[in-house]
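Everything below concerns the one structure shown next.
The values are calculated or read from the model by the stated rules, or taken from the named source; none is laboratory data. It should be emphasised that the depicted structure is a prediction, and the values quoted were computed from it without experimental measurement. Note that each Cβ is placed from the backbone with ideal geometry, even for glycine, and that neighbours are counted across all protein chains shown.
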Amino acid sequence: MASAQQLYKLKKFIKDITSHRALHTEFVTVYVPKGYDMNKIIQHLSQEQGTATNIKSAVTRKNVIDALERMIVHLRLYKQTPPNGLAAFSGNVAAREGKVDVKVWSIEPPNPLNTRLYRCDKDFKVDILQEMLTTKETYGLVVVDARDANIALLKGKAIIPLAKSHSHIPGKMKAGGQSSVRFASNRELAIKQHYKKVADLMKDKFLPLGNDLKGIIMGGPGPAKYALVDSGFLTGDVQKKIIGIKDLSYTDDFGLRELVEKSQDLLKEAAITDEKQSVQQFLELLAKEPGKVRYGEKDCRAAVELGAVQTLLVSEAVPDETVEELEELCSQYNTELKMISTETTEGNQIKELGLVAAVLRYDMGE
């Protein structure tokens, strides 16, 4: 799974190259799949250079040939295709007609490239890279009690609501005028209808996700969650996806958040877990051993330069240029840098503390 730092770099890379647009069809995009022979790609681009000589417009012809040449020279720097493949882009990015500023970019994506692509167009083709920014690690969340159910997805760090259900199941005390047998029968029927409705919602909302759904976690304040699992209404495909059941205090949106909090053991591979653990470690040290942490860019930079920082937590709200400087600094002192999103409570705490926080290798005093 791609790290937060890898995804941040990819996001920045895409932003940089999509800021350019050609005046004519002359921007070259090349995707080299993992394991593919780089020499074959270079041969193909050489052939495209020959084809480009037939372009009628002299300006466009020159720009395409120049872009292909820069691309070929760049790809020859690679002795072999990188493990995840390579995405490369080249073109004249000068904003005015007649000006020449041919540039070339490349990136090894965080996830394997399985597509071979050559395209010459007015813009760079980044759809495949953008798809990698979409978190594939997805979990189904179900919070249920005897009357209510709340269904959502945990996708990366975000809880995405999908559906809510409410059933008017009568209480255990029978209504006046009803025989106890009929009342109990009606109540039992209402409960079954509630479970069936929730089971149908789970099937409709979760199964279309296919292999993108890593698992379903269920929770609730009473026995209803277990009764639903044993009700016989859940399809076999849904049953197979259930990876855990947790006791909760709530059923509404608070219940969903509580379910995530109590499922850390089940979410070891989810992006939200690593981020929460890193920030929580910092906050615990801040409260108990403040000499082992620093926060604020200035103090954190100084600590890194002393070789004292084990992990630097950097908010995604930090400007790109500053992130690049901090990455370079951390690489010099064997410091791990972790990008922290602003989508979680923990991420916002780092943001409020000055955007940058550090966990130190040793106590430096307050």
Say we look at region 283-341 and pick out the residues that are more than 21 Å from the chain's Cα centre (by Cα) and among the small types (Gly, Ala, Ser); which of these is nearest to residue 352 (Cα to Cα)? 296
Residues located in region 171-193, provided they are modelled with pLDDT under 80 and either surrounded by 15 or more Cβ atoms within 10 Å (Cβ to Cβ) or charged (D, E, K, R) (or both): 172, 174, 182, 183
Of residues in region 266-278 being of a type outside the set (Asp, Glu) and not in a helix (DSSP H, G or I), the one surrounded by the most Cβ atoms within 10 Å (Cβ to Cβ): 270
Within region 81-108, take every residue that is in contact with a helix residue (DSSP H, G or I) (Cβ under 8 Å, 6 or more places away or on another chain) and of a type in the set (Gly, Ala, Ser) and give me the one that is surrounded by the fewest Cβ atoms within 10 Å (Cβ to Cβ). 98
Looking only at region 176-218, which residues are touching a strand residue (DSSP E or B) at 6+ places or on another chain (Cβ under 8 Å) and outside any helix (DSSP H, G or I)? 213, 214, 215, 216, 217, 218
Are any residues in region 194-208 surrounded by 14 or more Cβ atoms within 10 Å (Cβ to Cβ) and either of a type outside the set (Asp, Glu) or outside the structural domain of residue 226 (by TED's automatic domain parsing) (or both), and if so, which ones? 194, 195, 196, 197, 198, 199, 201, 202, 203, 205, 206, 207
Of these, 191, 242, which one is within 30 Å of residue 111 (Cβ to Cβ) and among the hydrophobic types (A, V, I, L, M, F, W, C)? 242
Quick check on region 109-118. Is at least one of its residues in contact with a Ser or Thr (Cβ under 9 Å, 6 or more places away or on another chain), hydrophobic (A, V, I, L, M, F, W, C), exposed (fewer than 15 other Cβ atoms within 10 Å of the Cβ) and outside any loop (DSSP other than H, G, I, E, B)? yes
Tell me which residues, restricted to region 10-40, are of a type in the set (Phe, Trp, Tyr) and over 28 Å from the mean Cα position of the chain (by Cα). 27
So, in region 12-33, exactly how many residues are among the acidic types (Asp, Glu) and surrounded by 15 or more Cβ atoms within 10 Å (Cβ to Cβ)? 1
Among (1) of a type outside the set (Val, Ile, Thr); (2) in contact with a strand residue (DSSP E or B) (Cβ under 8 Å, 6 or more places away or on another chain); (3) not assigned by TED's automatic domain parsing to the domain that holds residue 219, which single condition is residue 252 missing? (3)
Say we look at region 242-265 and pick out the residues that are assigned to a helix (DSSP H, G or I) and surrounded by fewer than 19 Cβ atoms within 10 Å (Cβ to Cβ); which of these is modelled with the lowest pLDDT? 265
Looking at 139, 78, which is the one that is in a strand (DSSP E or B), of a type in the set (Ser, Thr, Tyr) and either crowded, with 17+ Cβ neighbours inside 10 Å or in contact (Cβ under 8 Å) with a residue 12 or more places away in the chain (or both)? 139
